[in-house]
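Below is one structure, written out as structure tokens; the observations come after it.
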Amino acid sequence: MKTTVLATVAPSGATRSQLKNAVSLYGLTLKKSDEISARFWEIVNRRINEAPELVQMLADGYQPEMTGGGCLAWRKNFHDGSYLFITYYEHDIGGEPEDPVWIVGRYTDHGDENCVEAGEFLADVRLADATAFARELEVIYGHQCCHLAKRLVRETGI
């Protein structure tokens, strides 16, 4: 039975034209590093395609992102530089959508670290609850960004 791929993602900035003999940070040749990366993203794609709710995350404009230490999150950027992260307690994107293990938060950049604002974080909820909370934040910050852009146009005439 042939598998149908519903959605495909890749790491941002991925390129095919890399030097053959270059060595990565971990001592792997880039060719071997690319093979490992390709296998990793194949696993991510497979997990996403196992649940329609996860495919919907892509349709809603979220992208899987490595957050460090092998952790993954769904990320969606706002125009003001802040962003949403949705993940589950094991810091992954392939958790069971109906389990109350999902976490969502709006993060802002404060110097060298990213902070979540008070009242803009929700944990231990189902994926549907996390995405509903994220939509509320999108309305608040999407409207605010739109409002600021309109005011800037009025003030500057650009």
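Looking at (1) closer than 20 Å to residue 132 by Cβ; (2) under 13 Å from the mean Cα position of the chain (by Cα); (3) at pLDDT below 85, which one does residue 66 not meet, given that it meets all the others?
With (1) closer than 20 Å to residue 132 by Cβ; (2) under 13 Å from the mean Cα position of the chain (by Cα); (3) at pLDDT below 85 applied to residue 66, the lone miss is (1).
Looking only at residues in region 135-158 that are modelled with pLDDT of 65 or more and among the charged types (D, E, K, R), which one is least open to solvent (accessible area, probe 1.4 Å)?
First, pick out the residues of region 135-158 that are modelled with pLDDT of 65 or more: 135-142.
Applying the additional criterion that residues be among the charged types (D, E, K, R) yields 135-136, 138.
Details: 135: 123, 136: 112, 138: 47 Å².
Here the residue is 138.
How many residues does region 71-97 contain that are among the charged types (D, E, K, R), open to solvent by 50 Å² or more (accessible area, probe 1.4 Å) and either assigned to a strand (DSSP E or B) or under 13 Å from residue 60 (Cα atoms) (or both)?
Going residue by residue through region 71-97, those that are among the charged types (D, E, K, R) are 75-76, 80, 90, 92, 96.
Of the ones still in play, those that are also open to solvent by 50 Å² or more (accessible area, probe 1.4 Å) are 75, 80, 90, 96.
If we keep only those that are either assigned to a strand (DSSP E or B) or under 13 Å from residue 60 (Cα atoms) (or both) too, we end up with 75.
Counting residues in region 71-97 that are among the charged types (D, E, K, R), open to solvent by 50 Å² or more (accessible area, probe 1.4 Å) and either assigned to a strand (DSSP E or B) or under 13 Å from residue 60 (Cα atoms) (or both) gives 1.
I need every pair where a residue in region 124-142 that is on the phi > 0 side of the Ramachandran plot has its Cβ under 8 Å from the Cβ of a residue that is open to solvent by less than 80 Å² (accessible area, probe 1.4 Å) and outside any loop (DSSP other than H, G, I, E, B), sequence separation at least 6 or different chains.
Short answer, once both residue conditions are applied: 124/102; 124/103.
Scan region 112-134 and give yes if some residue there is at pLDDT below 75, charged (D, E, K, R) and closer than 30 Å to residue 37 by Cα, otherwise no.
Yes, region 112-134 contains a residue that is at pLDDT below 75, charged (D, E, K, R) and closer than 30 Å to residue 37 by Cα.
The values are calculated or read from the model by the stated rules, or taken from the named source; none is laboratory data. Predicted model, so just to flag it, every value in this text is computed and none were measured. Every residue, glycine as well, gets a Cβ built from its backbone with ideal geometry; the counts of neighbours run over all protein chains shown. Keep in mind that these areas ignore ligands, DNA and RNA; they rest on the heavy atoms of the full protein, side chains included. Shrake-Rupley method; radii C 1.70, N 1.55, O 1.52, S 1.80 Å.
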